[in-house]
Amino acid sequence: MPTARTSQSAKAKSSSRASADTKTLDDLFYAALKDIYYAEKKILKALPKMAKGAESEELAAAFEKHRMETEGHVERLDAVFEIFGKRAQGKTCPAIDGILEEGEEVLEEFEGAPALDAGLVAAAQAVEHYEITRYGTLKRWAEMLGIEGAVDLLDQTLQEEIATDEALNELGDGGINERALEEAA
């Protein structure tokens, strides 16, 4: 015979399933939107540190350029929240926290080393790849949900993130990786 405790546990599980069943793509979109909002705010704080730590003036300039673009990303996200009818707010994102922590480790562990800038490029690309996946997904979901104004805003940011990743590739291939290799020899 079930006890009161067992019955309460079964009810809680049933209630949990019911509430999980009512979650929709709208809810998922909103959760991902809060996630990338948090990420962009954290990235805004990290980019000046990366620019200051970079040895290459080109890389420092790239980080500064992306900081200014990231301010625009936050503004666009504010607009997407408004279009979606929700208050702009972030939700802690352990993924971006971990990626940014790795970047900080590169700054500390490779300070003054020939491979510092190559490590910073790699760390920045990890951030870009995260953002590209998030914006790509959000754009697709906005299309599916019929949030037309949001689709264009998310796509604009997605294209900027892709361009930043390509620029980082060019910096790495344009000498940063080679300098790290040559100076180490």
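The values are calculated or read from the model by the stated rules, or taken from the named source; none is laboratory data. Just so it is clear, the structure is predicted and the values come from calculations on it, not from any experiment. Glycine also receives a Cβ, built like all others from the backbone with ideal geometry; neighbour counts cover every protein chain displayed.
Some notes on this structure:
- Some residue of the stretch 113-129 being more than 20 Å from residue 164 (Cα to Cα) and in contact with a Leu (Cβ under 9 Å, 6 or more places away or on another chain): yes
- Residues in the stretch 10-59 that are over 29 Å from residue 104 (Cα atoms), modelled with pLDDT under 95 and of a type in the set (Ser, Thr, Tyr): 14, 15, 16, 19, 22.
- Among the candidates 101, 75, 148, 108, residue that is at pLDDT below 95 and acidic (Asp, Glu): 148
- The helices (runs of 4 or more DSSP H) found entirely in the stretch 82-185 that carry 1 or more residues being under 30 Å from residue 26 (Cα atoms) and in contact with a His (Cβ under 7 Å, 6 or more places away or on another chain) are 148-171.
- Listed conditions (1) surrounded by 20 or more Cβ atoms within 10 Å (Cβ to Cβ); (2) within 18 Å of the chain's Cα centre (by Cα) are all met by residue 140, apart from (1).
- Taken over the stretch 143-185, the criterion of being under 20 Å from the mean Cα position of the chain (by Cα), of a type in the set (A, V, I, L, M), under 16 Å from residue 129 (Cβ atoms) and buried (at least 17 other Cβ atoms within 10 Å of the Cβ) is satisfied by 158, 167, 168.
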